[in-house]
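The values are calculated or read from the model by the stated rules, or taken from the named source; none is laboratory data. Predicted model, so just to flag it, every value in this text is computed and none were measured. Note that we place each Cβ from the backbone using ideal geometry, even for glycine, and neighbour counts take in every protein chain shown.
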Amino acid sequence: MDVLNEIKENIIAGQADMVRELVKKALNEGMNVEDVLNEGLILAMTVVGERFERKEIYVPEVLFSARAMRAGLEILEPLLISAGIEPKGKAITGTVKGDIHDIGKNLVGTMLKGAGFAIIDLGVDVPPQRFVEGTQAEGAKLICISSLITTSMPYMKTTIEALESAGLKGQVKTMVGGAVVTPKYADEIGADGYAPNAAAAVARAKQLLGLD
Amino acid sequence: MVIKLLTDVEVKIAEKEVLRYQGYPRAKTPEGEIVETLASEIEEGYRLIEPKAIYSEIKRLEVAHNQIILENNLVLNAEKAVKEWQDLQILGVALCTIGIELERKVSELFALGEYPAALMLDSVGSAAVESLVDHVNYHICHRARKTGMIVGPRLSPGYGKWGLQDQKVLFSLLPAENIGVRLNEQCMMIPRKSVSFCVGMGREIKVKKPCRYCGLEDCPYRTG
């Protein structure tokens, strides 16, 4: 098996230490950094996402793979930066004002990183204006907004309205999710997309940014 | 109004429950590192949790239309509760928490990129607080049986059609600060691994499957 396939298979199997060694081996053999990223790491996480959607694996397996992918990415990152290779996209993640749930948001960020995105995590209890400022400062093209309680859901709408008032509509895409959010609600508040879970968020993010 | 502080409540963290919170089907058995992480995070969970609960019984109340009207003009807009607890005589109100240390450790693990351990520990916390709730519920049932009361199913604001805003009513009835819990502006409990619930009690309460929301399979009072 060639080394890229070995990297891919070991990410799928969640073997972080092996991935670390294999990425070093690939680089030592003179492999192109971008190829290792795309054909080893990102391809592996695409397979993982597909298996999750088909219910062949579950969240724990996905996270072991994400951890293994991160192990490989930590070695590649300095080389990607020095070669001027840009991430696939830049996304903001945050949980709306008044809500301090963070697990779902963290999982979305983890999976998007696995797909080659750069993530700026604004944290929890994020007021609408901070989503705006974060987007403007970072040049993000995708805003992922999370809400897990009904009393904070209205802040999803005010966040989208704040982005529009700041003249960002058309320049960025908004994606919403969380236990209390539905596709219907996403449409009502003018979100560009909705994702029911972190794996689906990757596919939707790629669709919204034309990367699929 | 009776207020009881419970600090010596049993908590049992079940492996299947921890996995269920991560979407693992009951019929499926995990393997390898998942099993190891499950065991180590359950052990860590027992070390980190500080289970506490407070409980109060309200005897002066009235049921009207879809509301339970309490003293001081406090009203619970709980249509389902009114239906479930017909002939309600006493309202039991409880607040349970496992404290803040576990969720702090979860955040640390996520920041370190230890995603499997982070989510496993978070699920341990969820299983732990639900176990605490079951045992507090048992405590309530035990008290109620001594006085000939039947206990209806437990219900909480924020579930089904019961609006989360009614958390403010529960928190005005309980000295939540005594167990280190507070409510933020959006009625979210902090620490996050906290659960509030109400139970209706009465001598004439007739309800099908009153124990359906409780996980204590071996409870001597379990019916349905």
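Residues in segment B:178-219 that are among the charged types (D, E, K, R) and within 14 Å of another protein chain (Cβ to nearest Cβ): 4 in all.
The set of residues in segment B:47-67 that are among the aliphatic types (A, V, I, L, M) and either within 20 Å of B:Val195 (Cα to Cα) or within 15 Å of the chain's Cα centre (by Cα) (or both) comprises B:Leu48, B:Ile49, B:Ala53, B:Ile54, B:Ile58.
Looking across segment A:2-30, just one residue is touching a helix residue (DSSP H, G or I) at 6+ places or on another chain (Cβ under 7 Å), more than 23 Å from A:Phe52 (Cβ to Cβ) and not in a helix (DSSP H, G or I), and that is A:Glu29.
Residues are listed down the side, and each one gets a yes or a no for (1) at negative phi; (2) at pLDDT 95 or above; (3) of a type in the set (D, E, K, R); (4) within 10 Å of the chain's Cα centre (by Cα):
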position: A:Ile85; (1), (2), (3), (4): yes, no, no, no
position: A:Lys88; (1), (2), (3), (4): yes, no, yes, no
position: A:Ala91; (1), (2), (3), (4): yes, yes, no, yes
position: A:Asp99; (1), (2), (3), (4): yes, no, yes, no
position: A:Gly104; (1), (2), (3), (4): yes, no, no, no
position: A:Gly123; (1), (2), (3), (4): no, yes, no, no
position: A:Gln129; (1), (2), (3), (4): yes, yes, no, no
position: A:Val132; (1), (2), (3), (4): yes, yes, no, no
position: A:Ala137; (1), (2), (3), (4): yes, yes, no, no
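Considering only residues in segment A:142-158 that are out of contact with any strand residue (DSSP E or B) (no Cβ under 6 Å at 6 or more places or on another chain) and in a helix (DSSP H, G or I), the one that is surrounded by the fewest Cβ atoms within 10 Å (Cβ to Cβ) turns out to be A:Pro154. Scanning segment A:111-141 for residues that are within 28 Å of B:Glu114 (Cα to Cα) and either part of a helix (DSSP H, G or I) or free of Cβ contacts under 8 Å to residues at least 24 places away in the same chain (or both) returns A:Met111, A:Leu112, A:Lys113, A:Gly114, A:Arg130, A:Phe131, A:Gly134, A:Thr135, A:Glu138. Set side by side, the residues B:Ala64, B:Ala53, B:Ala39, B:Ala27 differ, and just one is surrounded by 13 or more Cβ atoms within 10 Å (Cβ to Cβ) and hydrophobic (A, V, I, L, M, F, W, C), which is B:Ala53.
Tell me which strands (runs of 3 or more DSSP E) are completely within segment B:42-139 and hold 1 or more residues being modelled with pLDDT of 95 or more and more than 14 Å from chain A (Cβ to nearest Cβ), or say none if there are none.
On the way: elements: B:52-58, B:62-64, B:67-69, B:90-97.
Strands (runs of 3 or more DSSP E) meeting the threshold: B:52-58, B:90-97.
Taking segment A:71-113 as the range and being among the β-branched types (Val, Ile, Thr) and within 10 Å of another protein chain (Cβ to nearest Cβ) as the test, the residues that pass are A:Val96, A:Ile100, A:Ile103, A:Thr110.
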